[in-house]
1. Between Ser317 and Asn169, what FRET efficiency comes out of the Förster formula 1/(1 + (r/R0)^6) with R0 = 25 Å and r the beta carbon distance, rounded to 0.05?
2. Once the convex hull of the C-alpha atoms of the range 8-184 is built, how many Å³ does it hold per residue, rounded to a whole number?
3. Set Lys and Arg Cβ to +1 and Asp and Glu Cβ to -1, take the dipole of the range 8-184 about its Cα centre, and tell me which of Ile43, Val133, Ile115 lies farthest positive.
Amino acid sequence: MKIEYRSLFNKFFGSKPADIPGATQIQLVNSLLPYFYNFDGNIYDSDIVRSCIHAIASNAAKFDPKHKIKGLSQGKTSAIERLLSLRPNKYMSSYDYIYKIVSLLYTSNNVFIYIRYVDGKLEGLYPINYTSVQLLEYQNEIYVKFMFLTGQMVTIPLSELIHLRRHFNRNDMFGEDALLPLKPSLSVASVQNQGIMHAIKSTAGIRGIIKITGVLNQKDLKEYKDNFVKDYLNISNNGGVAATDGKADYINIDSKPIVADDKQLAFARDTIYRYFNISEKIITSNYTEAEYNAFYSSVLEPLGIQLSQSHTYGLFSDREIGFENEIEFNSDRITFASLETKRKLIKDLIPLAVLSINQAKEILDLPAIPGGDKHIMSLNYVDYDKANKYQLGEDNDDQNDSDNGQANQDG
């Protein structure tokens, strides 16, 4: 049976051209060439780096994308929000989409997302995994030319792209090279891993020498050696003792391979952890509530802000933003709080009418109840402006005076 191949490249980019005739390169202010080369493979192939990126990406993928718009009825969702929260494109769930964005961002410090419209309607958002990009200009519009591992190319207007970058410093448009600061630590970790493998292999090497005093031909020498190994240097020799006659001496070779100690191994790992601003406890999911909150505040929250702002300005025009259209990526940190923290939060906020009954049950992962959307509050609280009047009883005096005055008028 003949197999027909259909190009995903064409499905993603449709009729987008490989190049724009007449387009010129952009001269950046602080960079000689408007290029960026993606060498992420050297980083992502490291087990330590991949575990760091996975921990960040898998937690960021829990973000709940929301489309906030002024005047949208409570409980209603827009088409953009449905797309972002369920299936941003035909090939990815919302979790996969966010995971891939964050993963690409942390491997190359740059990620581009193609905003695909079909007949003027948003069809999907596609993260682009490229080998290099080049900035071009044509008729006062900036274009990005992508080159892929297959040799294919596509040129897309920057206005149809969402661009996130990390370590955005010296370059005018791109995040800094991710490999350069990690290369020494990755080299050390690689050498240490190779040292451990060589040490394991060396234990299976020559463990002793049989010195024969007489003269034997090559065949008899090999037979003597094989018999000695078979009889004494095998796992069934429980006594651990070998015996030889007067024509041979056995000389043991004590092989002690030198490998890096635990402190050296830990130093290389910790250097990579610091680069990603993450701890081993987060990677191994052995964190406390305080440790997760620190991870959220220092890593996930900035990512949420970056995703929110980049998608807002990528999906909406200035006029739409003026009408308070906004995309927000956030995560409910209360989900990861301890039961004691949740209990205290509910105890403090329900009397202030901040939480409804069903909102409190949601925090505890309990099902909602009919009529639970109402807010209740304690009568032990009073408006700030009326506190002195209540305390001094002035309201009652004013009311009595008013009643007396009315009675006198009636009389």
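What follows is calculated from the coordinates using simple rules that are stated; it is not laboratory data. Remember, predicted model here, so these are calculated numbers, not experimental data. Positions of Cβ are backbone-derived with ideal geometry, glycine not excepted, and every protein chain shown enters the neighbour counts.
1. On the way: r = 30 Å, r/R0 = 1.19.
Once rounded, the FRET efficiency stands at 0.25.
2. On the way: hull volume 27.3 nm³, N = 177.
It is 154 Å³ per residue.
3. Ile115
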